[in-house]
Amino acid sequence: MRGDRLMRDSRVLVIGAGLAGLAAAVEIAGAGLPVLVVDQAQAPGGAVHRQPLPGVRSIASGMQRRRWTRLMAQINAQAERIEIRCNTRFGGMDYTGDALLTGDGRALMQPRALVLATGARERVQPRPGWTLPCVTTAGAIQAELKTTAHPPYGRVLLAGSGPLLLAVAAELVRLGRAPVAVIEAGHPFSHPLSALRLPASYLIEAAGYLLRVKAAGVPVLTGAHVLAITPSADGLVVRVNTPRGDRSFGADRIGLHDGIAPNDAGLPVDGPVPVLRLGDCREALGARAALADGRAGGGRLAAQLLGRAAPDPSADLDLQRQAQRRLGAIYAHDGLTRLSDLPSDTVLCRCENRTLADLRALGSNPGARGLRLDGRFGMGPCQGRFCAEWVGRLSTPAGLPLPHIGSNRWPSRPIPISDLVDPSAEGLEP
Amino acid sequence: MIAQVFWNGRPVPFCEGETLGSALTRAGISDLGRAPTGQARAVFCGIGQCQGCLVRVGTRLTEACLLPCVDGLQAEPDAGGQTDA
């Protein structure tokens, strides 16, 4: 890295231009401190408010659009103190406080504080065939819909568990491509009383999705699990186990989703400057909580940096935590117990192509070191983001803590050497 | 002139601001080659986390789902066996 680009910076560096990161930026800038927000995407928005491509109509709901417009107005009101750089990736912060940014906003800088607001990742349980092309996360389908307002090609099937499946199904219906089926592992509709204790906004949203999906005649199978996905002459075949026996569906595109978790793999825990995790990156509680947490955390950080008294904690977060706990109970299912019944050649680690048989060959309770060094689980480019949870559960006897397979390392993500040595290497990307 | 990128030499149109992953998906191209482990390369998470959609652009591997399309961009499957230049 050329020395002339290393600079001590008076700014607070915020990673992630989604709800949490931008809400934090508004608070920090509002206290008079300059902020640099970076995001790896082409536009601010994060997963929830992913923006349509230029000239494409937004498929966001009125509520979503109002929330985003309000937040961007607050950002714009602080424009002189907030800079947003997109197509810029965070490579990590080392023990000296150097933060590495690559892409359009590439720099090696020493920020005054670091706010990590990288949102959530999707949890996807391994299933036979989950590594085939055209099998993606449900979130990937949703991102396509939000950016292009265009449904994917052919027959779409959604499977796994959680409210996102119905949300994506409803969006597909609205765009004229009703999914062939929604395969939900839980029994969310058999808990009417506990469902009613959710905040009204959750219920209204969910009811809207369900009505639209049902009206389109989409089969929503509950207590159902994907047994296997196999290629066929014309696409994919999904074998599904339901309480009433097994069924098969043909599909061209499959969206899998088993909930969300913090997208925190490889991120620094602390450093020589304050490091703060906000929103789903710290605790996966969804959009409403991310906004509240970003705002509260930004205010707290600004007070800390300026030597002022910390503001009162927000009650919003507890409300959202309760709501998410309730949602978790509504969607509870036995999917995890099915992990150990998977066929032994099921791929667990997508990066290194490691299977359940490979895991069992490590013996009982191999621990994080054995899993990584002998098993190569969590050692591939994704660093365990998509396998660590399942590998940990499968290899650890009940009652023992799960091994921490992903590690907080520098850099946080694979970075081409050319990005580090020669800034002009960016010219390789036309 | 329609703006286009090239996948393995095949022209693929794209919209302004679109990522390579999105343009390829819309063109019906889902198989992005093989990783050195033999695993199929394809878009999975769509947001730069899984590294499953690594493709070769010039001398480097990069996530198709994050790479913005630029007119004339040439991308191809990873030849395999190499992790990066």
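Taken together, the values in this text are just the output of simple stated rules run on the coordinates, not laboratory data. Remember, it's a predicted structure, so these values are computed and weren't measured experimentally. Cβ placement follows ideal geometry from the backbone for every residue including glycine, while neighbour counts extend to all protein chains displayed.
Structure notes:
- The range B:1-38 versus the range A:330-404: alpha-carbon centroid distance in Å: 32 Å
- Footprinting exposure proxy for A:88, B:19, A:337, A:230 (fewest neighbouring C-beta atoms within 10 Å first): A:337, A:230, A:88, B:19
- Translational diffusion of the range A:282-360, estimated by Stokes-Einstein from the Kirkwood radius over alpha carbon pairs at 37 °C in a medium of 0.692 mPa s, is 201 µm² per second.
- Pair-distance profile P(r), taking every C-alpha pair of chain B, with 10 angstrom steps and integer %: 20, 56, 22, 2
- Local electrostatic count at residue B:48 - Lys and Arg +1, Asp and Glu -1, tallied over other residues with Cβ under 9 Å: +1
- Using equal-weight Cα scatterers in the Debye expression, the normalised intensity of the protein assembly as shown in log10 at q = 0.06, 0.08, 0.09 Å⁻¹ is -0.27, -0.49, -0.63.
- Taking a Cβ cut-off of under 13 Å around residue A:227, the surrounding Lys, Arg, Asp and Glu residues balance to a net charge of +2, with basic ones at +1 and acidic ones at -1.
- For the range A:96-222, taking the reciprocal of the average inverse distance between every pair of different Cα atoms yields a Kirkwood hydrodynamic radius of 17.3 Å.
- D_trans [Stokes-Einstein, Kirkwood Rh over alpha-carbon pairs] for the range A:343-430, 10 °C, 1.306 mPa s, µm² s⁻¹: 111 µm²/s
- Least to most buried among A:257, A:333, A:191 (fewest other Cβ within 10 Å first): A:191, A:333, A:257
- Computed about the Cα centre, the dipole magnitude for the protein assembly as shown is approximately 1020 debye when only Lys and Arg (+1) and Asp and Glu (-1) carry charge, each at its Cβ.
- Computed from Cα atoms, the angle from the helix A:19-30 axis to the main principal axis of chain A rounds to 20 degrees.
- C-alpha long axis of helix A:200-215 to longest principal axis of chain A, angle in °: 40 degrees
- Distant-in-sequence amide contacts of residue A:362, defined by a placed amide H-H separation under 5 Å and a gap of 5 or more residues or a different chain, comprise nothing.
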